[in-house]
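Let me begin by presenting the structure, written as C-alpha cells, before commenting on it.
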Amino acid sequence: MGGVAAALAAARMGKRVIMTEETTWVGGQFTSQGVPPDEHKWIEHTGCTQSYRELRNRIRDYYRNNYPMLPASRVEPALNPGMGFVSPLCCEPRVVVNVMLDMLAPFRASGHVQIHYEMVPTAVEMVGHDVKSVTLNHRDGTQMRITAEYVLDATELGDLLELGNIEHVVGSESKAQTGEPHALDEPNPLDQQSITTCFAIDMVPGGDFTIDKPEDYAFWRDYEADFWGAPQLSWTVSEAMTHKKLYRPLIAGPRSARVVHDLWHFRRMLYAGHFQEGAFPSDVVLMNVAALDYWLNPIVGVSAEVKKEALRGSMQLSYSYLYWIQTEAPRHDGGFGYREVRLRGDVFETDHGLAKYPYIRESRRIKAEFTILEQHVGAEARKGQEGAEKFHDSVGIGAYRLDLHPSTAPRNYVDLDSYPAQIPLGALIPVRVENFLPAGKNIGSTHITNGIYRVHPIEWNIGEVAGALAAWCLDRKLSPRQVRNTAHCLADFQRMLQTKFYMQLDWPDTHRITRAMRFGSPSAIYGGSWVMEDKNGGWKVSAERLDPTMDRPG
C-alpha cells in the first residue's frame, strides 16, 4: 500500500517513478494479501489522508457503478460491500487493485509511473551513504538494474534494508534498549509476529467441495501450542486482550440467535444481500482468523531454507484449516463438516487457491533519527499524561491498538490500549543513508509500536509522505535530514503536505482523547465498547453496538 501511495505522491509532484511489484497485483495487504482494512473508529470522518479517502470512495463507487446493486444499497453513503464487521469497508481485493490502477492510470499514460511486475530485489549497490542502484530478478530469470536519485523501500519485509546493509532492527527489542514496559527482558531478533496465508470461501448448499487432504494435516490436526489453550484446528482461540478462551464458529446459529463474532460475518468481503436476486448465490468471505496465524518459524533473519519452509508451513496450515472445516468442524445446525464450503481461488487469481502473498504484520525496521516507543503512544505507559506524545515533526495521524499477534518466540498476543497518534518525520529518516526512505511498516518503530503503524491507512500515509518528501528534496536540493532538522524547511514541508495533499498532521480538537481506544476496529465484534471524552470531561461517546439479529450495524 505504501508503494502505491508513494508513487502517486511523487508523480503528482511531477517526478518519474519506477515501481516494482513481487506479485501480479499492486497494493500489498489490501490486495495480494486480501485483508480488509484495519481502521480506527473515526475513519469515515477524519484521521486519514485525502488520497486514502479518495481510495475508499472510489472503491464504493466501483461497486455502485459496476455491480447490480439494489437501489437501497447503492445510495448508502458509507457502503460496506461485504458487510464484514471488522471494517466499514470490506471488499474484494480485485476491486481494490482495479481502483489503485485507475488512480495511477493518468501517470502511467504520461510516463511518470512505470510498473514492473513479478520482480524481486536481489542486490543493492551502495556508494558511501547513498543507494546507487537496485538489482531485481524477474521470475523468468531476467534481471533489471535500476538507478534513481531516491530509492523508497515499500517491500513487505524491508528487503532493501538487508540487501544494502542499511542499519535496521529485526524482531523484539529489550527493556534495556527501549525502556518500554512490555518489551522483553532480552532482545530476540527471531521473535516476530506470525504470518497468515489468507483465502476466500463461499457456500453452495448441497455441494461437496472438499479439497484433497493436505500433506501436513495430521500434524496440524494434533498441534496445540502451550500458550494457546486449544487445538489449532478448532473454533476456540485465545482472546487477544485477556488470553481467555473465545469460541468463534464459522456460523453462530440460526438467524434469530446469530451473534456478531462468528467467522462468516467477521471479514465477509461480498454481501450477496446488497445485490439483485440471483446475482450472487452466496456471500464471499475472507478467512483471516486467529487459527491461521503461523508462528512455528520466522521468515526474517533466517536461512532461505527456513523461510521457504515457513511459507510452505503457513500455506499447509491454511489448507488444513479449510479441510478441517469441510470434514470435521462442528456445524451450527448439528453434525460435522461444511462440505458445501468452497475455496474461491479465483478471488485471488491463483492456481493454488490461496492469497497471492502471506499477510505480513511485521517488517525489518530502520534505525531512525527518531524511534516511536510505547512511552509515546501506549495508554499504560503514559499513565497520568494527556493522550499521545505530540511530535513537532508530525507528517500524519492514525489510530489503532498496540495489536501484536502471536509471535514466533512463540508467545501469545500482546494487545494494549493506545491513543490516537501522530506519525513523526524522524521515524522516516535513516540514521546514516541519505537518499533512501522507508515507505511502509519499515519505519523507525519498535516491535511493540509496530502494532499501530502497520495498519492500512497509516501505511498509506507513510508511503505518501515518503513519495512527497523525495520529490520535495529533489526540487529544493535538500536531503530528508535537512528538511526535518531545519525549522523553516520542516515548516515549509508540513505546510505543503497540508495545502497540496490536504494531510492532517494532528487530530482535530474534538479528538483530544484522554482515554484510550479500549478496543480497536473489532470492538463491536466482541460486544465491548470504547469511550472517548474531551480533556475537560464535557462529553463522552460510546461505540455503536451491533444488533445480533441483523446483518448490519444497528
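Only the coordinates and a few stated rules stand behind these numbers; no lab work does. Keep in mind that what you see is a predicted model, and the values were worked out from it rather than measured. A quick note on method: Cβ atoms are made from the backbone with ideal geometry, for glycine too, and the neighbour counts reach across all protein chains shown.
For this structure, a couple of remarks:
- For segment 18-43 and segment 324-375, distance of Cα centres in Å: 14
- Residue-averaged 222 nm ellipticity for the chain, from DSSP H runs of 4+ at -39500 (n - 2.57), nearest 500: -7500 deg cm²/dmol
- Label-to-label distance, D102 versus E118, with points set 7 angstrom from Cα along the beta-carbon direction: 2.7 nm.
- Rounded to the nearest 10 degrees, the inclination of helix 2-12 to the longest alpha-carbon principal axis of the chain is 50 degrees.
- Summed side-chain charge close to I429 - residues other than I429 whose Cβ falls under 11 Å, Lys, Arg +1, Asp, Glu -1: +1
- Given (i) 44, 28, 20; (ii) 35, 26, 25; (iii) 41, 30, 21, the label whose value is semi-axes √(5λ) of the Cα gyration tensor in Å derived from this model: (ii)
- Computed lengthening from E277 to T242, 0.36 nm per intervening residue step minus Cα-Cα distance: 8.4 nm
- The length gained by stretching the chain between A148 and E44 to full extension, at 0.36 nm per residue less their Cα-Cα distance, is 33.7 nm.
- Distance histogram for segment 199-347 (every C-alpha pair counted, 10 angstrom bins, percent rounded to whole numbers): 10, 37, 36, 14, 3, 0
- Computed from the C-beta positions of A218 and A176 and an R0 of 60 Å, the FRET efficiency is 0.90 to the nearest 0.05.
- The chain, relative contact order [Cα under 8 Å, separation at least 6], %: 21
- Annotation: amide H-H contacts under 5 Å for R248 (H modelled 1.01 Å from N, sequence separation of 5 or more, or interchain): T236, V237.
- Under Karplus coefficients 6.51, -1.76 and 1.60, residue-wise ³J(HN,Hα) of segment 234-244 in Hz, glycine/proline x: 7, 8, 9, 10, 8, 5, 4, 8, 9, 6, 6
- Fewest-first ordering of T197, T178, T147 by other beta carbons within 10 Å of each residue's beta carbon gives T147, T178, T197.
- Going from the residue with the fewest nearby Cβ atoms within 10 Å to the one with the most, Y247, Y67 rank Y247, Y67.
- The convex hull defined by the C-alpha atoms of segment 259-333 has an orientation-averaged projected area of 7.3 nm².
- Packing, taken as the mean count of other beta carbons within 10 Å per residue, orders the peptides 372-378, 108-114 from highest to lowest as 372-378, 108-114.
- Amide H contacts of E92: none lie under 5 Å away among residues 5 or more positions distant or on a separate chain (H built 1.01 Å from N in the peptide plane; Pro and chain starts excluded).
- ³J(HN,Hα) computed for each position of segment 362-370 - Karplus, 6.51 cos²θ - 1.76 cosθ + 1.60, integer Hz, glycine/proline x: 9, 10, 4, 10, 5, 7, 10, 4, 9
- Taking all Cα pairs closer than 8 Å and separated by 6 or more residues, the relative contact order of segment 308-414 comes to 10 percent.
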